[in-house]
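What follows is one structure encoded as structure tokens, with my remarks underneath.
No lab work stands behind these numbers, since they all come straight from the coordinates. As the structure is a computational prediction, the values presented were derived from the model and not from experiment. Every residue, glycine among them, receives a Cβ derived from its backbone with ideal geometry; neighbour counts consider all protein chains shown.
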Amino acid sequence: KTLIFEAAHGERVLVMVGGDQSAISGHLKKAIGSKNIRMADFATVKAVTGYEVGSIPPFHWQPAGFRSFLEASLLDEPVLGVGAGVWGYEIMIRPADLVQACQAIVVNLTNRERPIFPD
């Protein structure tokens with residue numbers, strides 16, 4: 001899943017987790033550096049990314065300084081399917097290439113037993 005979150009200070013960030021995963025709120029807050037975050041609404045997602053919810057590609061639309069976070073466990077997958085910009089289509093990409101393409105910060109967002117920032 002490619003999600004857009006908004007921090008209380010106005011920053012918007014891209015968060016990538018597996019389709020069957022949910023980000024732990026406390027981990028996400030610490031990774032972003034904000035005590036108050038919320039998922040962006042559909043209109044905000046469209047305005048910020050230019051894409052509809054469910055089709056957001058994780059790269060090639062972000063302005064300079066836009067931060068992207070990738071769930072660390074996804075690095076263990078051989079290939080990931082990410083939004084292609086058109087609902088119902090995916091781009092298949094290796095995790096290392098995804099990190100490079102969107103300059104993602106790799107963090108643990110889904111496992112309470114692991115540190116947020118892996119070594």
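Applying 0.36 nm per residue to the separation of Asn111 and Ala47 and subtracting their alpha-carbon distance, the gain on full extension is 19.9 nm. Taken over the alpha carbons of the chain as equal point scatterers, the Debye sum produces base-10 log I(q)/I(0) values at 0.15 Å⁻¹ of -0.62. Of Ile105, Ile32, Ile24, the residue with the greatest mean-square motion in the GNM of the chain, using alpha carbon springs below 10 Å, is Ile24. Considering only Ala47, Ala31, Ala104, the mean-square fluctuation computed in a Gaussian network model of the chain, springs between alpha carbons under 10 angstrom, is largest for Ala47. Per DSSP H run of n ≥ 4, the term is -39500 (n - 2.57); total these for the chain, divide by its residue number, and report the mean residue ellipticity at 222 nm rounded to 500 deg cm²/dmol. The helix contribution divided over the chain gives -5500 deg cm²/dmol.
Dipole of the chain computed with +1 at Lys/Arg Cβ and -1 at Asp/Glu Cβ about the Cα centre; of Asn36, Thr2, Gln103, farthest Cα towards the positive end is Asn36. Cα centroids of segment 83-111 and segment 2-67: how far apart, whole angstrom? Result: 13 Å between the Cα centres.
Please report the antiparallel percentage of the DSSP beta bridges confined to segment 2-107, to the nearest 5.
65
With θ taken as phi - 60° and the Karplus curve 6.51 cos²θ - 1.76 cosθ + 1.60 applied, the whole-hertz 3J(HN,Hα) list for segment 55-69 is 9, 5, x, x, 8, 6, 9, 6, x, 3, x, 6, 8, 10, 10 Hz, x standing for glycine and proline.
Summary value for segment 53-108: 44 percent relative contact order, contacts being C-alpha pairs under 8 angstrom separated by 6+ residues.
Distant-in-sequence amide contacts of Leu70, defined by a placed amide H-H separation under 5 Å and a gap of 5 or more residues or a different chain, comprise Met16, Ile105, Val106, Val107. Remark: the Trp61-Ala84 segment gains 7.1 nm on full extension, using 0.36 nm per residue and subtracting the alpha carbon distance.
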